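One structure below.
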Amino acid sequence: MRFASFETDGRATYGVVGNDGRYTPAPAAFQARHADLKAAIAADALGELQAAPGESLAPEQVRLLPVIPNPGKLICVGLNYKTHVAETKRADSEHPSLFLRFNDSLAAHGDEVQRPSFSERFDWEGELAFVIGKGGRHIAKEDAFDHIAGYACFNDVSVRDWQRHTHQFTPGKNFPGTGPFGPYMATRDEVPDVTTLQLQTRLNGNVVQNASVGDLIFDIPTIVAYISRFTPLSPGDVIATGTPGGVGDRREPPLYMKEGDVVEVEITGLGILRNPIGVAA
């Protein structure tokens, strides 16, 4: 099953994404009970939504929103591929490196992602994200996948100079609208073995990142177990698993995104997350 959040006729809703690329909004009565996709996940109602009748909409009839526009927690894992650790020249870590994003830093498939006019170091980070389906604390590794609702593409776009003002990543990772998330969430049953997924990031059609999700240093069960030790996870929480090597900042010479560029993140079975690059006034 595939689900997305979107607007149609100026109204925010969510619904099923068909194999034909059309969107079937949640029926009014269903949305009255479950206000958004996060609420439907929390109620374990995605199967009911999938089976609900309704008229489908063509892609041009909707404006996509971030898959989960309002996660209670949006947690990102840094330095989680050997190739990225190597290019940053950092030492290996015993535990996952984590940072947080604000909800207003999210963007949707198709949104223009705007480089702040006072920084030229605007960089891509293609990633796999997953959405928590069942909450919990102190989740065991062997139970981790039972707590996942589904997977989606994510682009942890980074303003590198602001990221490195200090040892804390927060400023460079939280400019408004710099975290594209979409185009949809594929439920866990559609991804029987997440380690077989291939992640590719392209800038203007040129491949800049290409890696297997199986190359994660800290795999998804480890991430879920570690995070849930210090904070409870809730339905609709989003965790981005980290980016592989190939970021622009570590190239020689560096390569950054500029106005007019198009960046794409594609992961096997999860679609293509495509965003044009603009500049903030």
*residue 189 to residue 268: extension gain in nm, 0.36 nm per residue of separation minus the Cα-Cα distance?*
27.0 nm
*How much length is gained if the chain between residue 204 and residue 100 is pulled fully straight, taking 0.36 nm per residue apart and subtracting their Cα-Cα distance, in nm to one decimal?*
34.6 nm
*For region 157-174, 3J(HN,Hα) per residue [Karplus equation, 6.51 cos²θ - 1.76 cosθ + 1.60, θ = phi - 60°, Hz, x = Gly/Pro]*: 4, 10, 9, 5, 5, 6, 4, 10, 4, 9, 6, 8, 7, 3, x, x, 10, 9
_Can you give me the long-range amide H partners of residue 149? Hydrogens built in the peptide plane at 1.01 Å from N, cutoff under 5 Å, separation of 5 or more residues or another chain._
131, 132, 133, 134
*Given charges of +1 on the Cβ of Lys and Arg and -1 on the Cβ of Asp and Glu, with all other atoms neutral, how large is the dipole of region 93-208 about its Cα centre, in debye to the nearest 20?*
300 debye
*If one takes the longest principal axis of the Cα atoms in the chain, at what angle in degrees, from 0 to 90 and to the nearest 10, does the Cα axis of helix 220-230 lie?*
90 degrees
*asked:* So if each residue of separation counts as 0.36 nm, and I subtract the Cα-Cα distance between residue 164 and residue 142, what length gain in nm does that give?
replied: 4.3 nm
*For an R0 of 41 angstrom, estimate the FRET efficiency from the Cβ-Cβ distance between residue 119 and residue 51 and round to the nearest 0.05.*
0.30
*Using bins 10 angstrom wide from zero, how does P(r) for region 40-195 break down, in % of all Cα pairs?*
9, 33, 36, 17, 5, 0
*If one computes P(r) from the Cα atoms of the chain, what percent of pairs lie at distances over 28 Å?*
32 percent
*State the three equivalent ellipsoid semi-axes of region 55-113, derived from the C-alpha gyration tensor as the square roots of 5 times its eigenvalues, in descending order and whole Å.*
34, 14, 10
*Using θ = phi - 60° and the Karplus form 6.51 cos²θ - 1.76 cosθ + 1.60, what ³J(HN,Hα) does each residue of region 247-264 get, whole Hz, x for Gly and Pro?*
5, x, 5, 9, 7, 10, x, x, 10, 10, 7, 9, 4, x, 6, 10, 10, 10
_Exposed trypsin sites (Lys or Arg not before Pro) absent: longest stretch of the chain, with sites in DSSP loops and at most 14 other Cβ within 10 Å deemed exposed_ = 138-250
*Between residue 56 and residues 5 or more places away or on another chain, which pairs have amide H atoms under 5 Å apart, with H built 1.01 Å from N, and which residues are they?*
none
*Per residue of the chain, what 222 nm ellipticity follows from adding -39500 (n - 2.57) for every DSSP H run with n ≥ 4, rounded to the nearest 500?*
-3500 deg cm²/dmol
*For residue 108, residues with placed amide H under 5 Å, excluding near neighbours*: 181
*Starting from the Cα of residue 20, move 7 Å in the Cα-to-Cβ direction to define the label point; list residues of region 60-103 whose amide nitrogen is under 14 Å from there.*
60
_What are the ³J(HN,Hα) couplings of region 71-84, residue after residue, when phi is run through the Karplus curve with 6.51, -1.76, 1.60 and θ = phi - 60°? Round to Hz, x for glycine and proline._
x, x, 9, 10, 10, 10, 9, x, 6, 10, 10, 4, 5, 6
*For region 9-92, state which GluC sites (Glu not before Pro) are in a DSSP loop and have at most 15 other beta carbons lying within 10 Å of their beta carbon.*
55
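FYI, it's all coordinate maths here, none of it is from the lab. Here the structure is a predicted model, which is why all the values come from computation and not from measurement. Note: ideal-geometry Cβ built from the backbone for every residue, glycine included; neighbour counts use all protein chains shown.
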